Each structure stands twice: as C-alpha cells, then as structure tokens.
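The values are calculated or read from the model by the stated rules, or taken from the named source; none is laboratory data. Remember, it's a predicted structure, so these values are computed and weren't measured experimentally. As a convention, Cβ positions derive from the backbone with ideal geometry for all residues, glycine included, and neighbour counts pool all protein chains shown. Note: accessible area is taken over every heavy atom of the protein model, side chains too, but ligands, DNA and RNA are not part of it. Shrake-Rupley method; radii C 1.70, N 1.55, O 1.52, S 1.80 Å.
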Amino acid sequence: MSKRSVAAEAAVVSSRPTTLSAPVPGAPDEDSVRAWLAGVGAQRVLTRPGPLYGLHDLGAGWILECPAGLPDHLLQFVAAGACTVSSEGQHRSLAAGSVLWIRPGAPFVLRGTGHRPTTVHRFRLTGDPATDAPLGPALCLEDAWELRAAFNALTTELPPGPPSALPYREELVRGLLLVLFSTLFRQASWRPGGVLLSPAARYAVENYVDSTLAQRPRVSDLARVAGLSPDYFTRVFRRTFSMPPREWIVTRRVQRATVLLQRHDRSVAQVAAELGYTDSFLFSRQFKAVTGLAPQNYRGRTGRFATRVPCAPPAVPAVRAFDEQPARPVPEREQPDARQAQPDVRQSRPDARRGRAEARHDRADARHGRPRRGTVSR
C-alpha cells in the first residue's frame, strides 16, 4: 500500500478511542460510579413541562442561562443544529449528536450557533449529595448517536404530567437510564488509545446497510462506502463496533426483524423473506442467537401487551337539501312499543296449521260438489 493511500485512509478515521487503557486522572473510581448508578430510577426523573424537559425545536439565537446552577442533573442531546456551552470558565461547541451532562450546582450558559434552528432532547434528574460529590461539573460527549434511541424512549415512557400506566414502566425507565449513564461514564473514564471510523463514515455505512438489508450487503460493499480497503476497513470496524462486520450486519438485520414482528401484520416467514432470508430456519437460528428467543416466542412476549382496537366504519353524514326541513322527533308517547311490534310466534303457528286444514276441506268439498264452508247455497 502506498503512502498516499495510507494517508487517505487515515483521513477518514477519527482519533477517538475504542481500546481501553489506564483511567484518566481525576475521574470517579468504579466504586463511586456503581454507588451512583445504584440510585438511578424513574422516580428521580423530573417530567414537569417546560424548556428543561422533552424535545424542543429552538430558533436561531436562543440562549439558556443559569448563573447559579440547578439543583438537579441536566442532560441534553443535540439532535440537529449546533450550540455552545460555557461552564466555570470553559467553553465547548456541541455539534449534532453530542450529549451534555451538567451536574447540580454548576453554572452554565447555553447558546445556539449559526442561523439554523437547534433540536434538543432534555430531561432532569434529581440530585443526591451523597453520591454526586465525586462527579465533575460537566461532561460533553461527541458523536453519541447510539444514545439518541435512549432519549427518544425516555420521552415516550415519561410524558409530561402524570405518569403513564404502561406495564413495567419503572423497570424499563431504569434500564434506559442505566444504558445512558453507563455509556457516559465509560466514555469519560478512559482516555484515547486507538482509531475508529469517523462519524461521516459510520453514518454512511449504517445508512447503506439499513437500505440494503434485503440484498445481504457484503463487507467489500461496506468498505467501498467508507472509502477504505477491505482489510483495513475490517480492522477499524472491529475496533469501532467491538465486533466483526458480518456479525454486525446480522445484528442489524435482527434488530429490524424485532420491529417488524411487533406489528403483527405479517408472518415470521414473510418477515424473513422481507429481510432477504431464503431459509426461515437460518433466520430463526440467527434471531435466537442475537435475542435469546425464537421469533415466535419473541412475538408472543410482545403481543401480550399489545392493545388492538377494532376500527369502526366511519359514520356517513346524512345529506339533505338546503330547503329540506329536519325530521320532527317523535314524542315518547307516540313511539310504538317494541314488544307489540314483534309477532307472537306461539300464536302464529296454530293459525297457519288451521288455515292449511281449511284449505284441504275446501278442495274436498269442491270435488264432491258441496258448497264452500261459510257460504250460503241458493
């Protein structure tokens, strides 16, 4: 490989680490982190409506200033646009995909940058002086797109106002919080020790795989999208995602399958065919290897909490001319009794038998020349 190609490949990778080495001086130790995570739960999330909770679209030039700090933890994910944060004499730019964690009592100023609007997810967590002491004033994490799903799920499970009645809500919220804060602690506690794919390369690879899952993309195709040679791409990819590319592709397909199975509008075989599997047994084996459950069992588990509301046909409004008078409501005393309107089956059956017998007698009298019953002969 020439020096020019090596330099070109190095230009599309980032200097952020994935290999773990010695902890950064001044970072909280593992015992302090575990003690802090043990107290995380849904009861600590503040869901009061306002600028510090939920998804917000902020116009250009917005500013959020808190010179005395907050008594709570503030978490913010920048979904679109960009902003800056100033806290205790330090300034930091936050691009799209960045996460900001401001600890209780830390003064800060947030400002929007540029002429584009900014979209942010925000929520607050009540402080705990006993476990918050080892934490620093603020933490910024760039290129944290994998945490966007956690912010979206928290907003769904914890709507503003009264808590929802969804089953296992507190357990799910605690799991989401543990995933979010564990990732933040892991990224903040270890210093760089390697290279990985740049955010642009990761975004291009993920979009390509998501759009070609049914075509079974190959490793060489992913390397071509990232602009790297297959061998070098495989090594960098393994450091980036902690797994080889083929295993990551299978995991991505199974993740899409879990979404399709929750819709209950197609069978397991149809889901497998939609994702490019020609063998449903191979699909079931890979699905169980990733999730620990067979597709049928996974659908049965999620289907227990699914509420299916039958769709009623839309009401057709009555059409009348402009000069037509509306129908006069019938008074209650004029409405016929429903019991009188229904025929009495017990009385109608003997009457029918009696009528058939009289018809037979009339036919017999006609044959013998006798007058019909009920008539006077002249």
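Label-point separation (nm) for residue 109 and residue 169, each offset 7 Å from Cα along Cα-to-Cβ?
3.9 nm
State in Å² the accessible area per residue of the range 20-151; use a 1.4 Å probe, count heavy atoms of protein chains only, and round to the nearest integer. Each step should come with its number before you reach the end.
Values: 6220 Å² over 132 residues.
Value returned for the range 20-151: 47 Å² of accessible area per residue.
Can you give the Rg to Rh ratio of the range 112-156, both from alpha-carbon atoms, with Rh computed by the Kirkwood formula? Could the numbers behind the result be given before it?
Numbers: Rg = 14.2 Å, Rh = 13.6 Å.
Taking Rg over the Kirkwood Rh, I get 1.04.
Based on Cα positions only, what radius of gyration and what Dmax would you give for the range 30-132, in angstroms?
Spelled out, the Cα radius of gyration and Dmax of the range 30-132 are 14.2, 44 Å.
Mind computing the radius of gyration and Dmax over the alpha-carbon atoms of the range 63-189? Å is fine for both.
When restricted to the Cα atoms of the range 63-189, Rg and Dmax are 14.7, 45 Å.
What order, most packed first, do the peptides 143-155, 29-41, 69-81 have when packing is the mean number of other Cβ atoms within 10 Å of each residue?
Result, highest mean first: 69-81, 143-155, 29-41.
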